[in-house]
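Each value in this text was obtained by applying a stated rule to the coordinates, not by laboratory testing. Keep in mind the model is a prediction, meaning the values are calculated, not measured. With ideal geometry, Cβ positions are generated from the backbone for all residues, glycine too; neighbour counts draw on all protein chains shown.
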């Protein structure tokens, strides 16, 4: 195989609110931490152990505005994107690195407005066209209220 692939798929919970940064020209960026958990039973102690991994998620422009509007701390979301590592220097001149997930697609699995309105916000794809976005928003208005009564563990 001659090509390479940089693709990440995560399902996790927001660790904080979406932080927005706006730039000249109307562009913006949203950032938030996402927690994913791994649970297993320790063979030595026979106890359940949970390890949490934190991911720095970056969304851009319209997708960032949608995330800011519909997501809040604790919400569950599916994220698809690519890994990007940045190198920078701290105040002491030491090289530092930070790894981010550049989000290209996301799907809300739970939202802060879900319990209030009985509908789920549109699924978002940063690369989708207006027709797809229009179809998705039409689907959310037709969603039955019965889904609010799922037996979810959170």
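Sorting 14, 109, 5 by the number of Cβ atoms found within 10 Å of their own Cβ, with the fewest placed first, yields 5, 109, 14.
By the beta-carbon count within 10 Å of each Cβ, the least crowded to most crowded order of 21, 55, fewest first, is 21, 55. Among 24, 68, the order by Cβ neighbours within 10 angstrom, fewest to most, reads 24, 68.
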